[in-house]
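Here is the structure we will look at, set down as structure tokens.
The values are calculated or read from the model by the stated rules, or taken from the named source; none is laboratory data. Here the structure is a predicted model, which is why all the values come from computation and not from measurement. Neighbour counts run over all protein chains shown; Cβ positions are idealised from the backbone, glycine included. To get the accessible areas, we keep the full protein, side chains included, count just its heavy atoms, and leave off ligands, DNA and RNA. Shrake-Rupley method; radii C 1.70, N 1.55, O 1.52, S 1.80 Å.
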Amino acid sequence: MTSDSVLSALPGSVGVPATGGASTRLMTVRRWLVAALTIGLAASISLSEVVLVALAVTAIFVAPAGSRRVRWPLALPIVAFAVWTIVSALASAQPVDSLRATKPLMWLGVMYVVLHALPDRAAAHRFVTLLFVAVSVVAGFAIVQVMMCPAAHEATGLLRWFFHGCSRARGFFSIYMTLAGVLTPVLITRMPALATVSRRSWWVVPAWLVGVLALGLTYVRGAWLGFATGAGIGALATRRRIAMLAAIVLIAAGASLMLPGVAKRASTLGQFTADDTTRDRLAMMHGGWRMLREHPLTGVGIGQVKRLYPDYAPPEALRHSTSHLHNTPLQILVERGAVGLALWLAVYAAFFVRAGRTLRRIPAAESRDRALVLGVIAAVAAFLVAGLFEYNFGDTEVLFVVNALMSVPFVIDRSLDAAAIPSPS
């Protein structure tokens, strides 16, 4: 029995259908909310939070299209991970403080909110397209931010805020790492579709290149490696794999030639002793393993690394204070122990299995659906690889985007089920 079937049997009011004109108005409101969500995901966490709450409310009154039951894919590993996080918090030396830090667990429900808000495959395509457009616009502003940075000291008011810390592209986010974390999955999701761009959708290519340029200007090497992984997966899974791989190489080479700073930053990859940032990350890993050895099962508790790290940081650490270890699997392991890491990995393993199954179900003729699902699979892989160098699971803006995209294969899967149901004669 799957988690879908288990939870579909639970009683509740979610998905109670409204009738007549009220239902039509609610669906119109929901479409506008989805459009607003794409703007929030690209630029504003506050807007994202408000819209997600509103979409969750509409889920009470608008039943999922093409289905008589509410679906909860990946529910069992997600719930298990959330429960174990609370267990590890209670077992920590500061249980009250650690329990307060579990609040972000509620945002793991973003996938379900978006899944309900997208009634069919057409809505899923619109959502990804709007998100791509919004992120591309933000990427354009981020490029301007860096290119005009020398004049930043002359700016006042809103311009001063926009150009603050403009040596690295950050868009409208507080830090460049968040922009890189948002750009990477969105660009990778869209990449497989580039192989089938038509005259009507020519604009996708320059918009995608703008996003890639902005990603380069963040100078976040972990995001670059995640992007390279996702791009490789997306390219190898398409029919035009050689052309796609060649294009990726040419784009990377062109960016290095156009932006000497990007080439210089890329040259530091693998320099474990000469690069200060890398040396400090290695020191964090050492300190994290020391904490883990003393708390192997339940970990130190979520949010406790900040309190404990000064006591565990090795002498070679450049910083003796940090809120996270700049490595998602290690952070999960240290905070929640071995069981927590196993459950976290189970969430993504289940996603890849389910999304891969959906990809195999899509008819070969439905190239747009196949490209979309493949893009999301590659995007999640890129997110996980980037997480080896940054605690992106703890970056709410990035997690929102990834969780929202993870709903897309399940929307497509639901549409396939609806299409397979014979219409009443």
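Before moving on, here are some points about what is shown:
- Kirkwood hydrodynamic radius of segment 317-425, Cα pairs, Å: 15.8 Å
- One chain, two ends: Ala122 and Val57. Fully extended at 0.36 nm per residue, the span grows by 21.2 nm beyond their Cα-Cα distance.
- Backbone N under 16 Å from the Asp276 label point (7 Å along Cα→Cβ), restricted to segment 316-338: 316-321
- Residues Asp311 and Trp202, FRET efficiency given R0 of 56 Å [Cβ-Cβ distance, rounded to 0.05]: 0.45
- Candidates Ala355, Ala386, Ala253: whichever shows maximal mean-square fluctuation once the chain is modelled as a Gaussian network with Cα springs under 10 Å: Ala253
- Accessible area per residue (1.4 Å probe, heavy atoms of protein chains only) ranks Cys149, Cys166 as Cys149, Cys166, with the largest value leading.
- Here is what passes the span test in the chain: the DSSP H helices with alpha carbon length of 20 Å or more along the helix axis and a Kyte-Doolittle mean of -0.5 or above are 20-43, 45-61, 75-90, 121-147, 176-190, 204-218, 221-236, 241-258, 328-361, 367-386.
- The stretch between Leu90 and Ala365, if pulled fully straight at 0.36 nm per residue, gains 93.8 nm over its current Cα-Cα span.
- Trp161 - accessible surface, heavy atoms, 1.4 Å probe, Å² rounded to 10: 120 Å²
- Hull volume per residue, based on the alpha-carbon atoms of the chain and their convex hull, is 170 Å³.
- Computed label-point distance, nm, for sites Ala418 and Ile251 using a 7 Å Cα→Cβ extension: 3.2 nm
- At R0 = 35 Å, FRET efficiency that the Cβ-Cβ distance of Arg160 and Arg239 yields, to 0.05: 0.10
- Leu297-Leu105 FRET efficiency (beta carbon distance; Förster radius 22 Å; 0.05 resolution): 0.65
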